[in-house]
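Below is one structure; the comments refer to it alone.
The values are calculated or read from the model by the stated rules, or taken from the named source; none is laboratory data. Treat the numbers as computed from the prediction; the structure is a model and nothing was measured. Here the Cβ is made from the backbone with ideal geometry for all residues, glycine too, and neighbour counts use every protein chain on show.
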Amino acid sequence: MALDVKVKKRRHDFDVDVSFSCKGGEILVLIGPSGAGKTTIVRLIAGLEKPDEGRIAWGDEIWADSDKGIDQPPRKRRLGYVFQDYPLFPHLTLGANAAFSSQDGAEVERLMKRFGIYNLRDHKPDKVSGGERQRCAICQALAREPRVLLLDEPFSALDVTTRRLLRDDIVELKGKLGIPMIYVTHDISEALAIADVIVPIVSGKIDRSWIERPRNEQEGGEQALHPKAARKLRLSLVY
Amino acid sequence: MDWLPLFLSLKLALICTVILLVVAAPLAGLLAYSRFRGKSFLEALFNLPMALPPTVLGFYLLIFLGPRGAIGALWEQWTGFPLVFSFLSIVIASAVYSLPFALMPMKTAFQKIDRRLLESAYVLGLTPASAFVRVVLPNSINGIATSAILVFVHSMGAFGVLLMVGGSIPGETRVASIAIYEAVQSLDYAEAGRMSLILLTISYAFMLVMNRLSRS
C-alpha cells in the first residue's frame, strides 16, 4: 500500500508545497538543509499539523483532504513516528515505553531482543545511553504495527558507529515490514546508504538542483558532492 | 484541650484536598493546553477567591448556598435540610476559597511537560484525555503534590469564609481557626495558644515538604 502526499502549508518564512508518493517496502528520504520544511512535512503526514490544502492518503484510506474537510487525528492513522531526540516517557521503564501502545507482550519482547535492549527493560530512559533510548523509540513505534513509518533524523544525535548500526537495522526492517518508510536527514551519505527514493527539499519545495550545488556548513553540513555520488543520486531521484 | 475543632479542621482540609485535586486537575489541564474564547475571563474567575476578602467571598457563597440561593434552594428541596451552617457548606466554601491554590501549581507543572511527549502519545494512539492521564499526570507529580499541600494548609487556616457560611456549630462547623478566635474572645489564651501551636507545627511541616518538592 502506498502513501500519497500532496500538501500545502503556510509557514511564517515560506510555504511548504510538495507532492510525492512512497510505495510499501520503500524508503523515501527527505533531504535538505536545516529549516527547509522536512519536519513540517513529516508532521503533516503524522497528523500533528493540518495542511492548508491538499490530500494525504494511505492506499484508499484518506487521512487528510482539505476539499472534503477530512483530517484524521494522529491516533487513527496508526503510524510509527521516531522523533529526532527520542522523547521517551520519563516516568516509564524502557519495557513499559516499548509496550506503550501494544497489547502483544510477546511481540514487544521479541522487538526488544531484536534491538538488543531487552536486558534494559527495567531501566528508566535517563539511565541508558542515547543509542539505547533511540532503539527503544524504534521498538515503541514498531510495536504499534504501523502502516507507515516516519523517521525524523532519528540518529542525528548518536555517534557514527551506533548511527551506522541502527541505519542497517532500518534497511533490514524495510524488507520485513513492507510498509512505506519516510526518512528525514540532511546527511547525503546517509541518504545514499538507505534510500530507494530521494526527495530534496529546499524552502518547502522539491528542488533537485540542491543535491548538486556546493554547500557550506550552515546549509547542511556537506560540501559539494563527489561527481560519482551525484551521478548515483541523479539516477535514484524521481522527483 | 478540646480536640474536636482540630479534628474537624483536619477532616475539612483532607476532604477539600481530595475534591480539589480531582476537580482542579482537568481544569488546570484545560487552562494549560486549550485555546478558547473567554479563557482569560474564566481563569481570572477561578483565581478571584485569592484576591477577594474572605468575607466578600463568604457573603456571596451565603447568598448562593442559602435557602433562597440557586444551590441552597435546590439542596433543601432535595434533602429537606438547609445547606448553610452544615459541614458540607464549609467544605464547599473552603474548596472555592482554595481553588486558585490547587490550579496554579498544577497548571505550571502541566505547561512544563515537553510538548513532544504529548505528540508522541497521540501518534501512539492516545486521545488527548488518555494522554493527560497516562502522560501528563504521572510527569507532574511534584506540581500535584504542591497543589495538595497548599490546599490542605490553606483549608486548615480558612476563617472568615467559613464563619460566614458555617457559623460556629461545635462538631459541625466549629473548626480550629474559629475555636482559636472564640478562645481569645473569651480570654482563654492557654487554649488558643495550644491550638495555635499545633496548627503552626502542621503548617510549618508542610511548608518544609513543599520546599523539598520545589527543589527536586
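Structure summary
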{"quantity": "Unique residue being modelled with pLDDT of 95 or more and among the hydroxyl-bearing types (Ser, Thr, Tyr) when the list is B:34, B:86, B:98, B:40", "calculated": "B:98"}
{"quantity": "Out of B:22, B:91, sole residue that is assigned to a helix (DSSP H, G or I), closer than 29 Å to residue B:192 by Cβ and among the β-branched types (Val, Ile, Thr)", "calculated": "B:91"}
{"quantity": "Positions within the stretch B:100-158 being in a loop (DSSP other than H, G, I, E, B), touching a Ser or Thr at 6+ places or on another chain (Cβ under 6 Å) and of a type outside the set (A, V, I, L, M), in sequence order", "calculated": "B:125"}
{"quantity": "Qualifying residues in the stretch B:69-90 (those that are buried (at least 21 other Cβ atoms within 10 Å of the Cβ) and of a type in the set (A, V, I, L, M)) - the one farthest from the other protein chains (Cβ to nearest Cβ)", "calculated": "B:84"}
{"quantity": "The stretch B:111-140 residues that are more than 7 Å from chain A (Cβ to nearest Cβ), paired with ones that are in a loop (DSSP other than H, G, I, E, B) (beta carbon under 7 Å, 6 or more apart)", "calculated": "B:134/B:126; B:136/B:113; B:140/B:113"}
{"quantity": "Checklist (1) within 13 Å of chain B (Cβ to nearest Cβ); (2) out of contact with any strand residue (DSSP E or B) (no Cβ under 7 Å at 6 or more places or on another chain) applied to residue A:141, failing item", "calculated": "(2)"}
{"quantity": "Residue, farthest from the chain's Cα centre (by Cα), within the stretch B:54-88, restricted to residues that are more than 12 Å from residue B:164 (Cα to Cα) and assigned to a loop (DSSP other than H, G, I, E, B)", "calculated": "B:80"}
{"quantity": "Tally of residues being within 17 Å of residue B:154 (Cβ to Cβ) and in contact (Cβ under 8 Å) with a residue 60 or more places away in the chain across the stretch B:28-48", "calculated": "1"}
{"quantity": "The one condition in (1) in contact with a strand residue (DSSP E or B) (Cβ under 6 Å, 6 or more places away or on another chain); (2) farther than 23 Å from residue A:47 by Cα; (3) among the hydroxyl-bearing types (Ser, Thr, Tyr) that residue A:189 fails to fulfil", "calculated": "(1)"}
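Results for (1) in a helix (DSSP H, G or I); (2) in contact (Cβ under 8 Å) with a residue 60 or more places away in the chain, shown as yes or no for each residue.
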residue: A:150; (1), (2): no, yes
residue: A:154; (1), (2): no, yes
residue: A:162; (1), (2): yes, no
residue: A:166; (1), (2): yes, no
residue: A:170; (1), (2): yes, yes
residue: A:176; (1), (2): yes, no
residue: A:183; (1), (2): no, yes
residue: A:189; (1), (2): yes, no
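Every residue, every condition in (1) within 24 Å of residue A:205 (Cα to Cα); (2) more than 8 Å from chain B (Cβ to nearest Cβ); (3) surrounded by fewer than 20 Cβ atoms within 10 Å (Cβ to Cβ); (4) in contact with a helix residue (DSSP H, G or I) (Cβ under 9 Å, 6 or more places away or on another chain), yes or no:
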| site | (1), (2), (3), (4) |
| --- | --- |
| A:51 | yes, yes, no, yes |
| A:56 | yes, yes, no, yes |
| A:60 | no, yes, yes, no |
| A:66 | yes, yes, yes, no |
| A:76 | no, yes, yes, no |
| A:90 | no, no, yes, yes |
| A:93 | no, yes, yes, yes |
